[in-house]
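The values are calculated or read from the model by the stated rules, or taken from the named source; none is laboratory data. Remember, predicted model here, so these are calculated numbers, not experimental data. We place every Cβ from the backbone using ideal geometry, glycine too, and count neighbours over all the protein chains shown.
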Amino acid sequence: MIVQKPRKKKKLSRYTVLNIIMLTIFGIIVIKLLYLQVYKYDDYKERADVSSTRFVAEKAPRGKIYDSKGNILATNTQTYTLTYTKTDESQERFYETMDKVFKILSENSEKFQDDLLLKIDGNGKFYYDFKTTSADSRKAVEKLFKRDRGLHEGVQKKLFKDEKGDLTDTQIDKINEELLKMTPEDTFYELVKTYDMYELILNPNLNQEGKEKEKEAEIKKYTNMTGKEITDLLLEKYSINDLRNYMVIKDTIKMQSFKGYRAVTIANNIKRDTAFIVEQKLNDLPGIAVSLTPIRLYPYKNLGSAVLGYMSSIGSWEESTYELQGYDASSDLIGTAGIESAFEEQLKGTKGGSTIKVNSKGKETEKLFELESYQGNNVHLTIDKDVQYAAQQSLADQINALTTTGVNGEQPWKSATRGAVVAIEVKTGRILALASYPDYDPNLFAIPGQLTPEQSEKYFNPDLEKFGKEFISKTGATGGLDKLFYKDEESGIRDDSNDVYPRSFYNYATLGLIPPGSAFKPVTAVAGLQEGVFAIGETIFDGGIFDIHPEIGYKPKNYGGIGNGPTDIKKALEKSSNFYFFETEYRLYNKYNGGIEAQNKLAEYAWKFGLGSDPNGKQKLGTGIEIPERIGTMYSFEEYKSAKISTSMYAFVNAFKKGEYTGRTFIPFDIEKLDDDSDELKAAKQALKDKILARLELVGVDVEKATDDEFNKSVEPEILKIMKLSTKYKETIDSYEKEKGIKVDLENEVAKLANAVTLFTIDQKTEMTNIAEPINAAIGQGISNFTPLELANYMATLANNGVRNRVRLVDKITTQDGEVVKEFETEQVDKVDIDPQNYAAIKEGMRRVTNSGGYAQTVFDGFPIKTASKTGTADFRSDDEKYKEIGRQPYATFGGFAPLDDPKIAVFSVIYDASRGSFASMPARAVYEAYFKDELIKMDPNYPSKSSMFKKYVTDSPYKDNKDTLEQVKTEEIKKP
C-alpha cells in the first residue's frame with residue numbers, strides 16, 4: 001500500500017509579492033490613464049485649453065477733437081508699451097526679470113509706470129502723493145488705499161479678534177480710525193510683508209528637491225517677523241528705492257488680480273530703440289511683452305487746455321462705476337475736465353483684442369481669434385485755433401508784464417497771476433476762444449505715472465506754506481501766513497479760501513466767480529432807460545460824491561471821488577460815472593416804492609442778460625456750455641436776504657460774547673456752541689438761534705408776524721434757560737459781581753439781552769430792505785458775482801440787440817468716416833427788449849471808452865474797427881485793510897463787442913488783482929485782430945507792420961494749420977511730453 005504524504009504549502013516569494021504589487025499599481029495607473037485620456041478627455045482638454053488661453057485686450061483709439069476749421073486739437077499716436085504677465089515661470093523668476101527690465105529702462109533713460117500712492121522723496125522720507133488738497137478727500141483716498149491692500153485685516157484682528165459675524169458701523173469706524181494713524185513708513189513696512197518681499201533674501205538652495213521642510217521653516221521664520229524687521233534685513237542688500245520699485249509692480253499685480261487675467265503695464269511710451277532691445281531679450285524675460293498702444297496727443301500743447309481737459313487714470317473710488325461700463329479700471333484712461341470728460345461717451349472707442357495661446361513664459365504661441373477695435377467719434381468744436389491763441393497768449397503775456405516789469409510805466413502788481421478771456425460769436429452763441437490762466441500742457445498727463453515730483457506738487461498738491469512765504473515777501477501782505485492760508489489744526493493742511501494760489505486745473509473762465517465792477521453798468525443803463533427813470537439826453541451833475549440823497553444813510557463816490565460835471569448816459573458810460581448809475585438805481589428803487597419789487601428790478605434785467613438766475617426758478621440755469629460751469633449771483637432781495645441770514649449768526653454770537661451791541665451793554669452772554677456744553681445747554685442755545693433765524697426768514701414774506709414786543713417777550717424764556725444751564729455764564733456773573741461789588745439782577749439781564757436780540761433782528765431786517773445794496777449792485781459790486789463766461793454771454797446778448805443764445809463749444813459729432821452723428825444748432829433762450837434809440841445811445845457811450853477820453857483809449861489806439869467797450873475795476877474787498885492783509889488788489893475787467901454797427905464777436909476778459917480795468921483790455925484787442933485779420937489787411941495792407949500785437953499774435957503765431965500733416969506723423973517722431 002502506497003501512502004501519500006501531505007503536500008507542503010508553497011510559500012510566496014518576496015519577488016512574487018513585489019510583482020503582484022507592481023502589477024496592481026500598474027493596472028491602476030493604466031485604468032486611471034484610460035479614465036483621464038478616454039472617458040474624461042474632453043473635460044480635461046477644455047481645462048488645459050483655458051489655462052493656456054488668454055484674451056489680450058486691444059485699446060481703442062479715442063476720437064479726434066477738431067477746431068472749427070478742421071485743425072486737430074487732440075488725436076492719438078501709437079507708442080510702445082512694456083507689459084508683464086503673471087505665469088508660473090514669470091512669478092518664480094519675478095525679481096530676476098524685474099532687475100533686468102529696470103536695468104534696460106534705466107540705461108535708455110526710460111521711466112517705468114509708477115502710480116503707487118506711497119512715494120519716497122529725495123531725502124528717503126515716505127509720503128502719500130495725494131492729488132487733492134482737501135483734508136476729507138485725502139482721508140478717503142488714504143483709507144481706501146489701505147483697505148484695498150488688506151491692511152485693515154491686521155487691525156481688525158487686533159481690535160476684534162474674537163468677533164464673529166459682520167462688524168457694526170462703529171467697529172468699522174474704529175478700524176478706519178486706526179488705519180489713518182498708520183504713517184507712510186508703517187504702510188511701507190506692512191506692504192513689504194503683504195507682498196512676501198522676504199523672497200528676495202530667501203536661500204535659493206532651499207529650492208532643491210528634498211529641501212521642502214527647510215524652506216517651509218525659513219518662510220515661517222519670515223512670516224513671524226514684522227514688516228519693519230523684514231525691511232531692515234532687505235536693506236542690507238537692497239536700497240529703499242529698489243524695494244519700492246519691486247513693490248510698485250507687485251502692487252499693480254495684486255490690484256489687478258481681483259479682475260482675472262490682465263497684463264500689467266510696466267512702462268508706457270518707451271522709445272522704439274528701447275522696445276527693440278527688450279524684444280531681443282524676451283527669452284530671458286518671462287512674462288514680459290512689448291506692444292503698440294494708442295496714447296493721446298495734443299499737437300498744440302497748452303493751446304485750449306481749459307476747453308480740452310486732459311486724460312487721467314480711473315480713481316480707486318470710482319472703479320466700480322467705470323467697470324460696469326466696460327472699462328478696465330487698472331489701465332484705461334478717461335477724460336478729466338473739459339471736452340475730454342464731457343464727451344467721454346462719444347470719444348472713447350470700442351475695444352478689440354485677441355484670444356491667444358501662451359506657453360509657460362506667457363509668450364504667445366498661437367492666435368485663435370481676433371476682434372477689431374474701433375476708434376471713437378470725432379468732436380468738432382466752435383473754437384477757432386487762431387483766435388484761441390491770441391486770447392491765451394496775450395493773456396499770459398499781459399499777466400507776465402503786470403507781475404514783472406509793470407504796464408504803462410506803473411509798478412508791478414505781484415499778485416496779478418490769474419485771469420480768463422472768453423470770445424463768443426454774437427449771432428450764434430458759439431465760443432470762439434476760452435482761455436484760463438495759468439494753463440497747462442495736457443500731454444503731461446497722457447501717460448500715467450510720468451510726472452516728476454515737482455510737477456505732481458505743482459498741479460495736485462501745492463506747498464501753500466512755501467508759496468505763501470514767497471507771496472508775502474513779494475506783495476507785502478501784512479496778515480501773515482495763517483491769515484493768507486488758514487491752517488487746519490487737525491490735518492495740518494492749509495486752505496486757499498482767499499483765492500491767492502494760481503491753479504492750472506481751475507477753469508477761471510467757467511468756474512471763477514468775480515464781481516464785474518463797472519463792466520456791469522450797461523445793464524443798469526438798459527434798465528434805467530427802458531424803465532424811463534432817465535431820458536437819453538437828460539443830464540445830472542456828477543459831483544464825485546453821491547450825497548444828494550441824505551436819507552440813504554451813506555455817501556458812495558466815484559473812483560477817487562472825482563466828479564464829471566453834467567453827465568448824460570453816453571458820458572456816464574464813457575467816464576464810468578458811479579454817480580450817474582447810483583442815481584439810476586435810486587430812481588428805480590423809488591419808482592417801485594422801495595419794496596421787494598424795487599429791490600429786484602435791476603436783477604430782472606440782469607437775469608435776462610444771463611447774469612445769474614432768478615432764485616425762484618423762473619430762468620433757465622446756466623449759459624448752456626457743455627463743460628462744468630458755476631452759476632453767478634445777481635443781487636436780489638432773496639439772494640441778499642439768504643446771504644445775510646447765513647452770516648448773521650456769526651455777528652450775533654460775536655457781539656453777545658463781547659457784551660455790547662450798538663451801544664447797548666450787558667454782561668457777556670456766550671451762546672457759541674461749545675464741546676463742553678451739556679446736551680441740554682446745546683439744545684437751549686440752538687433754540688434761541690432758531691427763533692432768531694425764523695424771525696429773519698419772515699422778512700419780506702406776506703404773512704402775519706409777531707410784533708417786536710411779542711418777539712421780545714418770546715425770547716426771554718430761552719435766554720433765562722441758557723443762563724441757568726451755562727456754567728460759563730455763572731462764572732462770568734460771579735466774576736462781574738466780585739469786580740463791581742454788586743449783585744446782578746438776572747431778571748434785568750434777561751430783559752437787556754432780549755432787547756438786544758430784538759434790536760439785532762430789526763437791524764438785520766433794515767439791512768435786507770434798504771437801498772444800500774441795490775446801489776452797490778448798480779455798479780457791479782456788492783454780492784453780485786459772475787463767471788467770465790456769463791459776462792461774455794451778457795456782452796454777446798447786448799451786442800445781439802438783446803437776443804440771448806445758448807452758449808456752446810461743440811458744432812457737431814462725426815464718425816471716423818465723416819458721417820454726422822449729431823449737429824448743434826443756434827438756440828435762443830431769452831430776449832431783452834431794448835428800444836432802438838436807447839440801444840444806440842448805450843452803444844455810443846461804449847464806443848467812447850476806446851476813443852479819446854476813454855479808459856481803454858491807449859490800448860485801442862490805431863485799431864480801425866469801431867468797437868463798443870466797458871472797463872471795470874472790481875473790488876475784492878470793501879475794506880482797504882483786507883487788501884493789505886492778504887496782498888490782493890481789485891480785479892481788472894473788460895467787456896466789449898465789434899464791429900459797433902454790426903457786431904460779430906463779443907469778448908470779456910479779467911485779470912485778477914491787476915488793479916485797473918484798462919489792463920484787461922489788451923487781450924480783447926488781440927482777439928479782435930485775430931478774428932478780423934483778413935478785414936484788417938483789406939482795410940490797410942500795411943496794418944501788420946503798424947500793429948505789434950497783430951505781428952505777435954497773428955503773423956508770428958507758432959501754431960500753424962495741421963489739417964493734413966498730422967496724420968503722417970510717425971511713432972518715432974512723437975516727442976515724449
Just to be sure I understand the filter: pairs with C-beta atoms under 6 Å, separated by 6 or more residues or on different chains, first member in the range 595-607 and touching a residue at least 60 places away in the same chain (Cβ under 8 Å), second member aromatic (Phe, Trp, Tyr) and assigned to a helix (DSSP H, G or I). Which pairs pass? ILE596/PHE637; ALA598/TYR589; GLN599/PHE637
Name the single residue that is surrounded by the fewest Cβ atoms within 10 Å (Cβ to Cβ) among those in the range 126-167 being more than 19 Å from TYR195 (Cα to Cα) and among the β-branched types (Val, Ile, Thr). THR132
If you go through the range 655-663 one residue at a time, do you hit one that is within 37 Å of the chain's Cα centre (by Cα) and either over 19 Å from ASN748 (Cβ atoms) or not assigned by TED's automatic domain parsing to the domain that holds SER726 (or both)? no
With the condition kept exactly as written, say whether any residue in the range 313-336 is of a type in the set (A, V, I, L, M), at pLDDT 90 or above and outside any strand (DSSP E or B). no
Of all residues in the range 593-623, count the ones that are surrounded by fewer than 19 Cβ atoms within 10 Å (Cβ to Cβ) and modelled with pLDDT of 95 or more. 1
Among all residue pairs at least 6 apart or on different chains, which show Cβ distances below 8 Å where the first residue, located in the range 85-108, is surrounded by 15 or more Cβ atoms within 10 Å (Cβ to Cβ) and of a type in the set (Gly, Ala, Ser) and the second is at pLDDT below 95 and not in a helix (DSSP H, G or I)? SER90/TYR84; SER90/PRO286; SER90/GLY287; SER90/ILE288; SER90/LYS361; SER90/GLY362
Checked the range 183-195 for anything out of contact with any helix residue (DSSP H, G or I) (no Cβ under 7 Å at 6 or more places or on another chain) and not charged (D, E, K, R); matches are THR183, PRO184, PHE188, THR194
On the basis of being farther than 20 Å from LEU484 by Cα, touching a residue at least 40 places away in the same chain (Cβ under 8 Å), surrounded by fewer than 23 Cβ atoms within 10 Å (Cβ to Cβ) and not hydrophobic (A, V, I, L, M, F, W, C), does GLN450 make the cut? yes
It is to be established whether one or more residues within the range 431-439 are farther than 27 Å from SER909 by Cα and not in a loop (DSSP other than H, G, I, E, B). no
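Residues are listed down the side, and each one gets a yes or a no for (1) in contact with an Asp or Glu (Cβ under 9 Å, 6 or more places away or on another chain); (2) basic (Lys, Arg); (3) at pLDDT 90 or above:
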site	(1), (2), (3)
ASP186	no, no, yes
TYR189	yes, no, yes
VAL192	no, no, yes
TYR195	yes, no, yes
LEU206	yes, no, no
GLU216	no, no, no
LYS221	no, yes, yes
Given the options THR955, THR971, name the one that is surrounded by fewer than 19 Cβ atoms within 10 Å (Cβ to Cβ), of a type in the set (S, T, N, Q) and either within 24 Å of ASP386 (Cα to Cα) or at pLDDT 95 or above (or both). THR955
How many residues, within the range 193-241, are aliphatic (A, V, I, L, M), in contact with a Lys or Arg (Cβ under 9 Å, 6 or more places away or on another chain) and farther than 30 Å from GLY122 by Cβ? 2
Give the residues of the range 897-932 that are outside any helix (DSSP H, G or I), touching a helix residue (DSSP H, G or I) at 6+ places or on another chain (Cβ under 6 Å) and either among the hydrophobic types (A, V, I, L, M, F, W, C) or on the phi > 0 side of the Ramachandran plot (or both), sorted by residue number. PHE897, ALA898, LEU900, ILE905, ALA906, VAL907, PHE908, VAL910, ILE911, ALA914
Just for the range 915-952: of the residues that are hydroxyl-bearing (Ser, Thr, Tyr) and surrounded by fewer than 19 Cβ atoms within 10 Å (Cβ to Cβ), which one is farthest from the chain's Cα centre (by Cα)? SER945
Can you name every residue in the range 112-121 that is in a loop (DSSP other than H, G, I, E, B) and either β-branched (Val, Ile, Thr) or touching a Pro at 6+ places or on another chain (Cβ under 8 Å) (or both)? GLN113, ASP115, ASP121
Say we look at the range 337-348 and pick out the residues that are in a loop (DSSP other than H, G, I, E, B) and hydrophobic (A, V, I, L, M, F, W, C); which of these is nearest to PHE445 (Cα to Cα)? ALA337
Can you name the residue in the range 764-780 that is at pLDDT 95 or above and not in a helix (DSSP H, G or I) and is also nearest to ALA423 (Cα to Cα) among such residues? GLY780
In the range 803-826, how many are assigned to a loop (DSSP other than H, G, I, E, B) and either in contact (Cβ under 8 Å) with a residue 60 or more places away in the chain or among the aromatic types (Phe, Trp, Tyr) (or both)? 7
Does the range 551-563 contain at least one residue that is touching a Lys or Arg at 6+ places or on another chain (Cβ under 7 Å) and in contact (Cβ under 8 Å) with a residue 12 or more places away in the chain? no
Counting only residues that are aliphatic (A, V, I, L, M) and assigned to a helix (DSSP H, G or I), how many does the range 442-484 have? 5
Members of the range 832-882 that are free of Cβ contacts under 8 Å to residues at least 40 places away in the same chain and surrounded by 24 or more Cβ atoms within 10 Å (Cβ to Cβ): none
Give the residues of the range 141-171 that are part of a helix (DSSP H, G or I) and either more than 19 Å from ASP251 (Cα to Cα) or out of contact with any helix residue (DSSP H, G or I) (no Cβ under 8 Å at 6 or more places or on another chain) (or both), sorted by residue number. GLU153, VAL155, GLN156, LYS157, LYS158, LEU159, ASP169, THR170, GLN171
Out of all the residues in the range 404-414, is one or more crowded, with 23+ Cβ neighbours inside 10 Å, among the hydroxyl-bearing types (Ser, Thr, Tyr) and closer than 26 Å to ILE514 by Cα? no
Is it the case that VAL821 is at pLDDT 95 or above and over 30 Å from GLY896 (Cβ atoms)? yes
List, please: which pairs have Cβ atoms under 7 Å, are six or more places apart or on different chains, and start with a residue in the range 742-763 that is outside any helix (DSSP H, G or I) and among the β-branched types (Val, Ile, Thr) and end with one that is at pLDDT below 95 and surrounded by fewer than 14 Cβ atoms within 10 Å (Cβ to Cβ)? VAL744/GLU737
Residues in the range 671-692 that are surrounded by fewer than 18 Cβ atoms within 10 Å (Cβ to Cβ) and touching a residue at least 40 places away in the same chain (Cβ under 8 Å): how many? 4
TYR238 passes all but one of the listed conditions (1) part of a helix (DSSP H, G or I); (2) more than 26 Å from ILE447 (Cβ to Cβ); (3) aromatic (Phe, Trp, Tyr); the exception is number (1)
